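One structure is given below, encoded as structure tokens.
Readers should treat all values here as calculations from the given coordinates under stated rules, not as data from a laboratory. All figures in this text were calculated on a predicted structure; none of them were measured in a lab. Methodologically, a virtual Cβ is constructed for each residue, glycine included, from the backbone with ideal geometry; neighbour enumeration extends over all protein chains shown.
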Amino acid sequence: MRDEPLVLGIETSCDETGVGIVRGHTLLADAVASSVEEHARFGGVVPEVASRAHLEAMVPTIERACTTAGVSLRDVDAVAVTSGPGLVGALLVGLASAKALAIGLDKPLYGVNHLSAHVAVDQLEHGPLPEPCLAMLVSGGHSSLLLVEDVTGTVEPLGATIDDAAGEAFDKVARLLGLPFPGGPHIDRAAASGSSVAIDFPRGLTSRRDLERHRFDYSFSGLKTAVARWVEARVAAGEPVPVADVAASFQEAVCDVLTRKAIDAAVDRGVEDLLIGGGVAANSRLRVMAEERAARHGIRVRVPRPGLCTDNGAMVAALGSELVARGRTPSELGIGADSSLPVTQVLA
Ligand code: KG4
Ligand code: ZN
């Protein structure tokens, strides 16, 4: 497949400096440098720390990606970069780097939407994306249900979180339980030895009244508060906190609402493929529950492997490659970082 375009993708919307290289749908390199450890003591990502880390990691990460792919920068046919949404200072580092490459190599630049890139990445693992498909993107920064008619053009937002993102809820509850940041994997592990029915935590926006206005929206802040109150009451009573049971019951509540609404949306729109992406897609319970519930409605579930679910450059390269393949017009070199780029805008 030598004749397919070689696309380099850069991702810097949060705390991962990602550089991916793809040829068509074939992944050649996915180099990621994460500053997550620098943020751990703050319990969340510190934007200025992330921007500085991107600056330091960018050139070595590009070099590492080229070495792994066995290509030279001169071979690159197009450069793709996340232009939003994300942390503006962090995005700027990626954009400036991508523009420099595009100008230096005299190749087209594609400034892309981070959320569409989370969807497009699945093509690298499972082949051409079924269109339409329903995408549930769940991470530390976003929780959205999207109807994807065309990953390079038509993405319709059906619902999103109205407060905390799903991953943010995992991180905050982990902190309450004394588990390290980022908390998702620790809750997942702790939950394995707990009971998911030990505590009946609330399911946000699922009452009949809420469903009238927020059928496909999520809310996790009430759940987080409920967990905090429950833990405080135990501590106040001088009783030990059953971490595994709290983790399992909390995780069950999150996964229950996430999968229930995603499948309701797929059935409502007559879509037969559900794609799950973002860091929370790595959650073991979410995967199992989604597959069980989807199967009852004849819906297929696609989840990229964990390394492709979390933020990375391969996802940006994958979307860039698809934009090239479908002949979309590249971005202007003057494009800026847009921290709140709407999901309907795939290309900046
Ligand atoms: O997509 P991602 O790497 O970065 C963005 O936030 O954009 O997602 C990171 C989030 C964190 O909140 C982390 O706690 C969560 O994904 N996460 C998980 C698991 N692995 C990562 N949440 C639940 N279960 C997991 N196994
Ligand atoms: Zn993301």
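Numbers at a glance
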quantity	calculated
Axial C-alpha extent at least 24 Å, average Kyte-Doolittle at least -1.0 - helices from the chain (DSSP)	47-69, 88-105, 243-269
Burial ordering of T68, T61, fewest other beta-carbon atoms within 10 Å first	T68, T61
Distance histogram in 5 Å bins (all Cα pairs of segment 130-304, percent per bin)	2, 9, 18, 22, 20, 14, 9, 5, 2, 1, 0, 0
L28 long-range amide H proximity, modeled H, under 5 Å	I21, V22, R23
Other-chain or far-sequence residues with amide H under 5 Å of T161's (modelled H)	S143, Y218
For D75, D200, D217, order by how many other beta-carbon atoms lie within 10 Å, fewest first	D200, D75, D217
Dipole magnitude of the chain about its Cα centre (Cβ charges: Lys, Arg +1; Asp, Glu -1), debye to nearest 20	440
Listed residues L105, L115, L124, most fluctuating in the chain (Gaussian network, C-alpha, under 10 Å)	L105
The chain, relative contact order in percent, only Cα pairs under 8 angstrom and at least six apart counted	27
Net dipole in debye of segment 130-304 [+1 Lys, Arg Cβ; -1 Asp, Glu Cβ; about Cα centre; nearest 20]	360
Under 5 Å, built H, 5+ apart or other chain: amide partners of A80	L8, G9, I10, Y110
Alpha-carbon centroid distance for the pair segment 224-275 / segment 184-213, whole angstrom	1
Per-residue HN-Hα couplings for segment 37-45 [Karplus 6.51, -1.76, 1.60; θ = phi - 60°; Hz; x = Gly/Pro]	5, 5, 9, 3, 5, 8, x, x, 6
Extreme residue, positive dipole direction of segment 208-332, given options A228, P240, P304 (C-beta unit charges)	P304
Alpha carbon centroid spacing (whole Å) that separates segment 17-70 from segment 132-154	23
Charge dipole (the chain, unit charges on Cβ, about Cα centre) - positive-most of S331, L137, L27	L137
Summed residue charge, Cβ within 14 Å of V81's Cβ, Lys/Arg positive, Asp/Glu negative	-3
Shape call, the chain: gyration tensor on alpha carbons, a/c limit 1.5	prolate
